[in-house]
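Asks: A single structure is presented below for examination.
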Amino acid sequence: MEKYSEGLLSSILILDKSKKFLQHGSAPSLPAGYVRKMSQVVPSPKVGSCGTAAFLKRTIVVENISLDPLWEDYKEIALEYGHKAC
C-alpha cells in the first residue's frame, strides 16, 4: 500500500500470544526507533490510534496527533519521528 501513496507509512499490529500486548508484525517503513518505543502497547482507551482501535474494536482516525487526546501520553514519540496523523 505504501508504494501507491507518497508519504504514507503503514504497519500491522498483532496481539501477542498472551493477548495482552499489541506488537508490530510488520512495519517496513517505520523507523526502528519508533517501532521499538511503541512495542508492547496495551489495548485500552487513549493509547494512540491503534491501542484505542484494538480496545474499542473499531476504526480510529486521528487527523492531528499533537492535539488529539488519544495520543496524549504518546504524542512526543510520534512527533519525534514526524508522524502527524494516524
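Asks: Percent of alpha carbon pairs in the chain separated by more than 17 Å?
Replies: Here the long-distance tail beyond 17 Å is 47 percent of all Cα pairs in the chain.
Asks: Continuing with the same structure: Setting aside same-chain residues fewer than 8 positions from K84, which lysines have a Cα under 21 Å from its Cα?
Replies: Within the straight-line cut-off, K84 pairs with K3, K37, K46, K75.
Asks: Using +1 on the beta carbon of Lys and Arg, -1 on that of Asp and Glu, and nothing else charged, what's the dipole of segment 2-80 about the Cα centre, debye to 20?
Replies: 480
Asks: Only helical DSSP H runs with n ≥ 4 go in: add -39500 (n - 2.57) per run for the chain, normalise by residue count and round the 222 nm mean residue ellipticity to 500 deg cm²/dmol.
Replies: After summing the helix terms and dividing by residue count, I get -6000 deg cm²/dmol.
Asks: For segment 1-50, report the % of Cα-Cα distances exceeding 12 Å.
Replies: Tail of the P(r) past 12 Å holds 65 percent of the pairs.
Asks: Separate question: Ranked from highest to lowest mean number of other Cβ atoms within 10 Å per residue, what is the order of the peptides 45-51, 27-33?
Replies: The most tightly packed comes first, giving 45-51, 27-33.
Any read-out appearing in this document is the output of simple, stated calculations on the displayed coordinates, not a laboratory observation. Just so it is clear, the model here is predicted, and its values are computed rather than measured. Because the Cβ atoms are built from the backbone with ideal geometry, glycine has one as well, and the counts that use them run over all protein chains shown.
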